[in-house]
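Structure first, then comments.
The values are calculated or read from the model by the stated rules, or taken from the named source; none is laboratory data. If you're wondering where the values come from, they're calculated on a predicted model, not measured in any experiment. Neighbour counts are summed over all protein chains in view; Cβ atoms, including those assigned to glycine, are modelled from backbone coordinates with ideal geometry. Keep in mind that these areas ignore ligands, DNA and RNA; they rest on the heavy atoms of the full protein, side chains included. Shrake-Rupley method; radii C 1.70, N 1.55, O 1.52, S 1.80 Å.
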Amino acid sequence: MRRADRLFRLIDRLRPGKLTTARDLAEAMEVSERTIYRDIAHLQASGVPVEGEAGLGYMMRDGYDLPPLMFTEEEIIALSVGARMVQTWGGTSMARGAEQALEKITGVIPEATRSKAERLQFKAWASRPLDAHTRTTIDTVEAAIRAPERIMLEYADEKGARTERPIRPLGLWFWGAVWTLVAWCELRNDFRMFRLDRIRDAVLLGPYVPDASQTLDAFYESDAAGYHSTGNP
């Protein structure tokens with residue numbers, strides 16, 4: 001790892017303002033404690049407000065503005081690949097956000113790094129591309145999860161039978177070709193999983209107050225996590 005990259009990672013780890021020992025920093029960054037001491041001294045000499053001393057720990061004072069974010073070549077490649085995959089398999093707003101993020105990243109990284117990253121011509125192709133309706137559904141569900149908001153679903157099961165049910169969306173899972181929604185179903189008063197390509201309509205119903213027994217963590221701890229993994233509501 002280049003020293004510049006290591007120094008940025010060190011600043012990032014000190015940024016929360018919590019006292020951290022050189023040993024913990026060395027273990028997290030996979031370098032020696034001596035290297036940490038040298039890097040801390042270099043940052044202090046450069047004007048970065050790092051406080052502390054050997055044996056006690058180090059921290060960075062609040063109010064320090066980090067320099068412009070820089071990525072390593074490996075990070076740029078990972079971000080680029082991830083963005084291409086989102087453009088192919090994500091919702092409409094996800095794809096637009098991925099494209100905008102790529103433009104911002106390539107606009108600020110050094111030319112040498114950009115040239116090396118662009119040599120990897122990664123393309124994401126889908127044998128069964130997402131249709132426009134499913135992409136829009138992803139956007140609706142994703143917005144509801146962030147809010148959080150309840151949704152009225154019109155859903156068709158594997159036999160085509162349709163039901164309407166109010167749900168509390170909790171999380172989205174992607175299986176390589178199919179998206180599923182983890183939710184608290186108010187009709188069944190239990191956790192359920194829904195395939196997004198079987199959702200015929202999704203209407204936002206407004207915000208709700210989260211219940212600790214109906215969260216994604218509660219879902220993982222419940223029997224429903226295994227029983228309903230097939231997407232059968």
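Structure above, values below:
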read-out: Residue 223/residue 175 FRET efficiency (R0 22 Å; Cβ-Cβ; nearest 0.05); value: 0.60
read-out: Net lengthening on full extension, residue 32/residue 115 (0.36 nm per residue, minus Cα-Cα); value: 26.7 nm
read-out: Hz values of 3J(HN,Hα) by residue in segment 27-43 - Karplus curve (6.51, -1.76, 1.60), Gly and Pro given as x; value: 5, 5, 9, 6, 9, 7, 5, 4, 5, 4, 4, 5, 5, 4, 4, 5, 5
read-out: Residue 174 accessible area, 1.4 Å probe, all protein chains in place, Å² to nearest 10; value: 80 Å²
